[in-house]
1. Bin by bin, in steps of 10 Å, what percent of the Cα pairs in the chain do you find, going until the bin that has the longest distance?
2. Which whole-number percentage describes the relative contact order of the chain, with Cα contacts under 8 Å and a sequence gap of 6 or more?
3. Would you kindly state the longest site-free stretch of the chain, with sites defined as trypsin sites (Lys or Arg not before Pro) in a DSSP loop (not H, G, I, E, B) surrounded by at most 11 other Cβ atoms within 10 Å?
4. Report the gain in length on full extension from residue 178 to residue 37: 0.36 nm times residue separation, minus Cα-Cα distance, nm rounded to one decimal.
5. Within region 119-186, report the GluC sites (Glu not before Pro) that DSSP leaves as loop and that have at most 16 other Cβ atoms within 10 Å.
6. Enumerate the amide H contacts of residue 15 below 5 Å, restricted to partners 5 or more residues apart or on another chain; note that Pro and chain-start residues carry no placed amide H.
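Just so you know, all these numbers are worked out from the coordinates, no wet-lab data involved. Since this is a predicted model, take the numbers as computed values, not measurements. Using ideal geometry, Cβ is built from the backbone for each residue, glycine included, and neighbour counts are taken over all protein chains shown.
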Amino acid sequence: MSNSKPLDAWGRIELRPGDITEFDGDAIVNAANSSLLGGGGVDGAIHRAAGPELLAECRTLGGCPTGQAKITRGYRLRAKFVIHTVGPVYGGGRHGEPELLRSCYECSLRLAVENGVKSIAFPAISCGVYGYPMEEAARIALGTTAEFLTRHGEIERVVFYLFGEQAMSVYSEALSELGGMPGQRA
Ligand code: APR
């Protein structure tokens, strides 16, 4: 008998403190800028860990508009792929930022499905240099991801890598408010 209940999404979402470059699943999402030519923050960490071939491949992509995503190989990273997405710069929240941030998660997950990715790691997109308030960004990230997972059983695991105690508690709070139990790995 087919199970008409939407696929359990929250059970496939995990919060993990630490450095996303250590993720050993299929794909790591990078919080890039529209040039895709590297930067600081998580972008810098991913390029440092992946090595120079990552930048070489990024040069061939011709950049990426805000809210969209492009995929490359992972090179020296343990992950097979890097999905580069460009978050919105926060300007008060009335210039389409929520929709653009939602689109980053949706486009990254869609690219993951198209490439047979079963496990994927996200950083807190736009919550650093781009200044997005993490409380609101966490709800968008988790809500968009959970909604996508109810429609896509192919993705088995989504891990949110959170840099620092504050990020961990903000995401845990958002997760329990939205209905999932914080699945934090020790
Ligand atoms: N692992 C996981 N998360 C990290 C790591 C890491 N190694 N390094 C930083 N972070 C966290 C930050 O603490 C923040 O919460 O990632 C989140 C996103 O911050 P940024 O990396 O500054 O990304 P963003 O706010 O989206 O700004 C993008 O910054 O690095 C440049 O080229 C990038 O221009 C682009 C802009």
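1. 10, 40, 38, 10, 1, 0
2. Here the relative contact order equals 31 percent.
3. Value returned for the longest uninterrupted segment is 1-93.
4. 47.2 nm
5. Here the sparse-neighbourhood loop sites are 154, 156.
6. Distant-sequence amide H within range of residue 15: 160, 183, 184, 185.
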